[in-house]
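This report refers to the structure that appears directly beneath it.
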Amino acid sequence: MSDFIQSTDYLKQAPAVAERFRRLKERPVALQIDRLGREFAGKGTPVTALKNISLKIHRRELVCVIGPSGCGKSTLIRIIAGLDNPTSGRMLVDGKVTSGPCPERGMVFQGYTLFPWLTVKRNIMFGLEMGGMSPTDAEGKALEWLKLVGLTRFEDSYPSQLSGGMKQRVAIARALAPNPRVLLMDEPFGALDAQTRAQMQEHLLEIWRNVDVTIFFITHDLDEAIYLADRIIVLKANPGEVQEVIEVPVPRPRRTDQFNSLEFLATRHRLEELIHPRADIPMEKLPIVRLTPVGDDVE
């Protein structure tokens, strides 16, 4: 990282950014995680995956969670989705204690999880009809969401006829169609190629600007976290704990040319420090074993 970036540069906010965060913090709390913990049975003693996680996420905030492997990111989002139970602590949506799956929380996984035997439109209608909506109303709402995600032309297509990015747009529309208060996304773009991933990030920001929803987004990509998030929750591993909460100083609306801005680079530098700290002890140089003759004298 360039020498001109100081260790505290990521804390500097332009007046417009600081004002936006002031207004954001005045919004109601959509999702509160209160002293959440999760232990798993181990050999002899329990393994602590999450310890004392406490967060308050405001309405229409887009929060990214990032951390090293084994920090409990996926465990955390599964608990919030109601797919796992915490060992301790509680969770509140709009101030009400909740547990188990519920319509207030929609989920998008890394895998597309679409029903291959249903058309795009029917995939979106499925959850609406299961929730008690009439087929006519469910179809109308599904068509509205397909228009929002730009897939109206493919309403009668099957998932096998779509690209990876299109499948994920359908998955996002299906999760948002029941009007959840919180949209949970577990590395939703991790399986996509770089170009499609960038397009999906743009699609997500456009959808978020037009929908009243709070987004809780798990990622391992530092640039993706900075580009998307209002705040970044950095977890540390063994056990998974909140290490730092970063208010992203990059102004909105976000643009790809901001990747080279001082605010972006300073935030990335800080994330690198937190997630990939330099070891105090030099790594031992591993011996190189030549398994086959290479036929040159370069090394």
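The values are calculated or read from the model by the stated rules, or taken from the named source; none is laboratory data. Source: prediction; values computed, not measured. Glycine also receives a Cβ, built like all others from the backbone with ideal geometry; neighbour counts cover every protein chain displayed.
Please state which one of VAL63, VAL17 is at pLDDT 95 or above and in contact with a Phe, Trp or Tyr (Cβ under 7 Å, 6 or more places away or on another chain). Criteria check complete, one pass: VAL63. Filtered by the rule that a residue be outside any helix (DSSP H, G or I) and surrounded by 15 or more Cβ atoms within 10 Å (Cβ to Cβ), segment 127-139 gives a lone residue, MET133. Under the condition of being within 21 Å of MET185 (Cα to Cα), part of a loop (DSSP other than H, G, I, E, B) and in contact (Cβ under 8 Å) with a residue 24 or more places away in the chain, the residues counted in segment 86-103 number 3.
Taking the listed residues GLY82, GLY95, the one that is surrounded by 17 or more Cβ atoms within 10 Å (Cβ to Cβ), of a type in the set (Gly, Ala, Ser) and touching a Pro at 6+ places or on another chain (Cβ under 9 Å) is GLY82, with no other qualifying. The number of residues in segment 187-204 that are free of Cβ contacts under 8 Å to residues at least 60 places away in the same chain, among the hydrophobic types (A, V, I, L, M, F, W, C) and surrounded by fewer than 18 Cβ atoms within 10 Å (Cβ to Cβ) comes to 2. Taken as a whole, the condition of being more than 25 Å from ILE275 (Cβ to Cβ), in contact with a Leu (Cβ under 7 Å, 6 or more places away or on another chain), not β-branched (Val, Ile, Thr) and not in a loop (DSSP other than H, G, I, E, B) applies to GLY106. Might you let me know whether segment 3-24 holds any residue that is out of contact with any Asp or Glu (no Cβ under 9 Å at 6 or more places or on another chain), aromatic (Phe, Trp, Tyr), assigned to a strand (DSSP E or B) and surrounded by fewer than 15 Cβ atoms within 10 Å (Cβ to Cβ)? Looking for residues that are out of contact with any Asp or Glu (no Cβ under 9 Å at 6 or more places or on another chain), aromatic (Phe, Trp, Tyr), assigned to a strand (DSSP E or B) and surrounded by fewer than 15 Cβ atoms within 10 Å (Cβ to Cβ), one finds none in segment 3-24, hence no.
What tally of residues in segment 192-214 results from selecting those that are more than 22 Å from PHE259 (Cα to Cα) and in contact with a helix residue (DSSP H, G or I) (Cβ under 9 Å, 6 or more places away or on another chain)?
3
Scanning segment 159-198 for residues that are in contact with a strand residue (DSSP E or B) (Cβ under 7 Å, 6 or more places away or on another chain) and among the acidic types (Asp, Glu) yields ASP186, GLU187. Exactly one residue out of ALA142, ALA171 is buried (at least 18 other Cβ atoms within 10 Å of the Cβ), in contact (Cβ under 8 Å) with a residue 12 or more places away in the chain, under 29 Å from THR256 (Cα atoms) and touching a Leu at 6+ places or on another chain (Cβ under 9 Å), and it is ALA171.
A quick yes/no check of all residues on (1) charged (D, E, K, R); (2) more than 17 Å from ASP221 (Cα to Cα); (3) surrounded by 15 or more Cβ atoms within 10 Å (Cβ to Cβ); (4) out of contact with any Leu (no Cβ under 7 Å at 6 or more places or on another chain):
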| residue | (1), (2), (3), (4) |
| --- | --- |
| ALA237 | no, no, yes, yes |
| GLU241 | yes, yes, yes, no |
| VAL245 | no, no, no, yes |
| VAL250 | no, no, yes, yes |
| ARG254 | yes, no, yes, no |
| ASN260 | no, no, no, yes |
| PHE264 | no, no, yes, yes |
| ARG268 | yes, no, yes, no |
| ARG278 | yes, yes, no, yes |
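Screening segment 168-280 for strands (runs of 3 or more DSSP E) wholly inside it with 3 or more residues that are of a type in the set (Ser, Thr, Tyr) returns no ranges.
The residues in segment 149-167 that are in a helix (DSSP H, G or I), touching a Pro at 6+ places or on another chain (Cβ under 9 Å) and surrounded by fewer than 17 Cβ atoms within 10 Å (Cβ to Cβ) can be counted, and the count is 1.
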